[in-house]
Number of protein chains: 2
Amino acid sequence: MHGRKMPATLRFMLASRRSELLGLEDLARTCELVTRISQLVHALQKERGYSNIYLSGNAPHQRQQLDVLSLEAEALEREVRLDLDRIDLDAVSSADKTRLFTRIAYALHSLDELPALRRRIREHAISMQDATATLVRLIGGLLSVVFEAADTAADPDITRCLVALFNFMQGKELAGQERALGVVGFASGYFRADMLERLEHLLEGQERCFATFSRFASPAAQALWQALCASETNINACRLRDIARRTSPGAAVEPQLCELWFELHTHRIDAMKQVETRLEQDLLQQCRYSIERIRKDLQSHRKLLDGIADMHAAAEQAKLFSVQASDLDAPPPDGMTAMVARSTLELLLTQSVRLQGLNEELREARQALDERKQVERAKQQLMRQQGFSEGEAYSWLRQAAMNQGLRLEEVAQRLLALAQPAERAPARTLGHRSRH
Amino acid sequence: MHGRKMPATLRFMLASRRSELLGLEDLARTCELVTRISQLVHALQKERGYSNIYLSGNAPHQRQQLDVLSLEAEALEREVRLDLDRIDLDAVSSADKTRLFTRIAYALHSLDELPALRRRIREHAISMQDATATLVRLIGGLLSVVFEAADTAADPDITRCLVALFNFMQGKELAGQERALGVVGFASGYFRADMLERLEHLLEGQERCFATFSRFASPAAQALWQALCASETNINACRLRDIARRTSPGAAVEPQLCELWFELHTHRIDAMKQVETRLEQDLLQQCRYSIERIRKDLQSHRKLLDGIADMHAAAEQAKLFSVQASDLDAPPPDGMTAMVARSTLELLLTQSVRLQGLNEELREARQALDERKQVERAKQQLMRQQGFSEGEAYSWLRQAAMNQGLRLEEVAQRLLALAQPAERAPARTLGHRSRH
């Protein structure tokens, strides 16, 4: 730009592209954090499952193995914390971090509880159910960071990767909860009715998550997933699940099945981790692609704008030599000015159409997340209005979906639409509201 | 904070609130820009109407009056440009400006065309229709900046104000187009069939915009609007509109009605400007309220967090005096640590619930904008697939809405849903796409 001032139109065009690039670079850092969180979640899932084994028996080798798992999780937690320390919180200058940071704070707060929880587990001062519940909540907090990252990403390709990864992580977490539940069930020799209901609930949840994952994952990740589904491990895990379904107070099985269940499902979940690793690689690769693309774009954009600015300057120069009373009486634009205007307009239209396209793609990818939220909201509404338990609310939705031949998400959407008042509330008087 | 380091949880909580405040302060600046744009749009609307009068006749006093209007618009344009110059484009550090800046660049580019357009009008080197079309496009570009501001605002109260203002501005712009159309019609003594169709189209558009405005405006603004609707000016403007409807090649009226029409509708639009001014005041007041609220909030939040950090430091200090092998064997948390954890969690939950509420409110307010986009998309789909003109597409939608007893927006939504493939497209292979 040789130090002279660019016309305002061009400056804003350039700033728009730069804003896009900066946002993308920032998103790439969030994605790296997401992959570290995924490692930590995996370790915590394993620790959760083994904690139940430890709580059910009390052999010395179990304590040793549990300590190994805890130390692994601790090491990964330190990496996540280091990553978070690297974020320059003072440099944040816009509203788009509000939600993500609150989710991170919540996840960190839950992580702070870990040492005390581990102690209570080792002292057998907590039940399997309570230990599981605490770790489910903790992992849920970490997953919600991933959800938020997916929900606020501004690049559709990266959003698709994040939606695939989030849904896979969520499905894997439900598989982890299934593992923990199975340990509790087999340890006591049989599954109570409420545990069996919970088991079905966890299976359906997995199905839903993996279906969404499949819609958004790369072919490579999908192929890995298909292979896993057809694997010996998965088939054996399914068989043991069938055994679990047939247990009852009158038909108990050997508590030793507990360790077999844990082993098989750990194999299954470890295989899932491979798919997850593929998804993480896809995500980071997509970040690199997107950044590279937009950097090149910005570069050629800058060159074009420089060229236009040069033409503009030449045209302005020419004007100086013809004295004019006012712009109203200025001569008709010469060829150069017209060319400047045309080139600028062309670039502007290309960019506008591109942004419009991006927005539609984003909307589509985020819809998968919205649907998720809607099912949750519909469930909560049923629990509130009908006094249903969470399981009952979910069964109700599922039954309604089957009866009406709709997807679960569609039933949820209709239910929520019904509850909305026909007319929206009138505007509130300004400033007379409090939200805190 | 006395220079010591806050625990990570608290730092992220604070950063989240600060991000919210910074975003709000930035939004307030955008809102000020929006109010200046609204002034400029008003002046350009008047200039557009009078340009048609000038182009239809050629009396000297018309040229003088037109020059006055042009100079007024020029002065307001300079203010908008000054406002834009004040934006520090280099300080932008996130993706959320990408769309707004592109819209601004487009608006600026259109404004660059103004001097040439004004010259051609004065030289009678452009038809009324073409002059109107150019100014409609230019004002449309300015309005799209307001739309984008409304669509990206992160505070629901401010979003509601912006949705009300945008819809009012859009309705007023259609009223301005009606004024310009009427000048063309009366100047030639009668309205052709296509002009009458356009007139009805403009009236329906106004109705729709003002209905949305009413849903989101403050009671004060609504009262002003009701008064305007019942005013003598409005009733007389309606009467003249009825006269326009009865004209035809065989039933022409005096071309002098042209100036009366312009005068009456200018009164009507000037009265609208008063409502708009009220909406602008509401908007800026809401910005001040929201910022004040969040500043106070941040302050008390900071104090609370400082208190928690102090407790935390004291608890850490206490730990130092009891030598521990590892966290796994650390003593159970004492009363102070537990209190720290509880206070932190309480704050976190409050903030999470608050953000969730904000998000739902935002979703609701933005829906009014989404619906607008959907009607546009549905129209374009009909034009593309059925070969309809814009007017035909709109009539089709309106008829379908009447037949089915639905709102226009609902018909649009269903039409678009029908066109979507039952299964979404499979994920594309990474990196093999180009979008430019």
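Over region A:345-417, Cα pairs under 8 Å with separation of 6+ residues give a relative contact order of 32 percent. Against the empirical 2.2 N^0.38 Å (N residues), region A:244-293 has a Cα radius of gyration ratio of 2.06. Inter-copy label distances at B:R342, shortest first and taken from points set 7 Å along Cα to Cβ: 7.5 nm.
Hand me the GluC sites (Glu not before Pro) from region A:221-301 located in a DSSP loop with no more than 16 other Cβ atoms within 10 Å, in residue order please. Those that pass, being in a loop and sparsely packed, number zero. The relative contact order of chain A comes to 19 percent, based on Cα pairs under 8 Å that sit 6 or more residues apart. For chain A, a crude dipole built from +1 on the beta carbon of Lys and Arg and -1 on the beta carbon of Asp and Glu, taken about the Cα centre, is about 520 debye to the nearest 20. Placing a label point 7 Å from the Cα of B:L298 along the Cα-to-Cβ direction, the residues of region A:89-118 whose backbone N falls under 11 Å from that point are A:93-95.
Take the alpha carbon atoms of region B:371-392, find their center, do the same for region B:47-110, and report the distance between the two centers in whole angstrom. Computed from Cα coordinates, the inter-centre distance equals 29 Å.
Helix A:128-152 axis versus longest C-alpha principal axis of chain A: approximately 10°, rounded to the nearest ten. Cross-link pairs exceeding 18 Å between alpha carbons, from the set A:K172/A:K273; A:K97/B:K373; A:K97/B:K303; A:K379/B:K373; A:K373/B:K373; A:K46/A:K379: A:K97/B:K373; A:K97/B:K303; A:K379/B:K373; A:K373/B:K373; A:K46/A:K379. Only helices enter this figure: runs of n ≥ 4 DSSP H residues, each worth -39500 (n - 2.57), summed and divided by the residues of chain A, yield -28500 deg cm²/dmol at 222 nm to the nearest 500.
A label point on A:E392, set 7 Å along the Cα-to-Cβ line, lies at 5.6 nm from each of its counterparts in the other copies, closest listed first. The orientation-averaged projection of the convex hull spanning the C-alpha atoms of region A:200-294 amounts to 7.3 square nanometres.
Summing Cβ point charges (Lys, Arg +1; Asp, Glu -1) relative to the Cα centre of the protein assembly as shown gives a dipole of roughly 360 debye. For A:S248, the amide hydrogen comes within under 5 Å of the amide hydrogens of A:F191, counting only partners 5 or more places away or on other chains and with H modelled in the peptide plane. Towards the positive end of the charge dipole of chain A, with charges on Cβ (+1 Lys, Arg; -1 Asp, Glu), say which of A:Q274, A:Q356, A:T30 has the farthest Cα. About the Cα centre, the residue reaching furthest to the positive side is A:Q356.
Distance between the C-alpha centres of region A:257-323 and region A:137-209: 29 Å, rounded to the whole angstrom. Global dimensions of region B:1-98 from alpha-carbon coordinates: Rg and Dmax equal 23.0, 77 Å.
Taken one residue at a time, the phi angles of region B:404-411 give Karplus couplings (6.51, -1.76, 1.60, θ = phi - 60°) of 9, x, 10, 7, 3, 5, 5, 4 Hz. Gly and Pro are set to x.
To put it simply, the accessible area of region A:345-417 at a 1.4 Å probe is 48 percent carbon and sulfur. When Rg and the Kirkwood Rh are both derived from Cα coordinates, the Rg/Rh ratio for the protein assembly as shown amounts to 1.03. Computed from Cα atoms, the angle from the helix B:8-56 axis to the main principal axis of chain B rounds to 10 degrees. Restriction of the trypsin sites (Lys or Arg not before Pro) in region B:53-153 to DSSP coil positions whose beta-carbon has at most 13 other beta-carbons within 10 angstrom yields B:R86. With all pairs of separate Cα atoms included, region B:142-249 yields a Kirkwood hydrodynamic radius of 15.2 Å.
Between the chain alone and the structure with every protein chain in place, find the residues of region B:345-369 that drop at least 50 Å² of accessible area; heavy atoms, 1.4 Å probe. Going by heavy-atom accessible area, the residues of region B:345-369 that drop by at least 50 Å² are B:L348, B:R354, B:L355. Shown here are the Rg and Dmax of the Cα trace of region A:129-204, at 15.3, 50 Å. Each 10 Å bin from zero holds the following percent of Cα-Cα pairs in chain A: 4, 17, 23, 22, 14, 9, 6, 3, 2, 0, 0. Kindly identify region A:69-188 as rounded, prolate or oblate by the Cα gyration tensor criterion: order the square roots of the eigenvalues as a ≥ b ≥ c, call it rounded if a/c is under 1.5, otherwise compare a/b with b/c, prolate if a/b is larger, else oblate. Note, shape of region A:69-188 comes out oblate.
Our estimate of slack between A:E259 and A:S389, defined as 0.36 nm per intervening residue step minus the Cα-Cα distance, is 43.7 nm. Translational diffusion of region B:333-416 was estimated from the Stokes-Einstein equation, with Rh taken as the Kirkwood radius over Cα pairs; at 25 °C and 0.890 mPa s the coefficient is 152 µm²/s. Can you work out the FRET efficiency for the pair A:L345 and B:A401, with r the C-beta to C-beta distance and R0 = 45 Å, to the nearest 0.05? E(calc), rounded to 0.05, equals 0.80.
The values are calculated or read from the model by the stated rules, or taken from the named source; none is laboratory data. Values in this document were obtained by computation on a predicted structure and should not be read as measured data. Methodologically, a virtual Cβ is constructed for each residue, glycine included, from the backbone with ideal geometry; neighbour enumeration extends over all protein chains shown. Just so you know, the surface numbers come from the protein's heavy atoms only, side chains and all, with ligands and any DNA or RNA stripped out. Shrake-Rupley method; radii C 1.70, N 1.55, O 1.52, S 1.80 Å.
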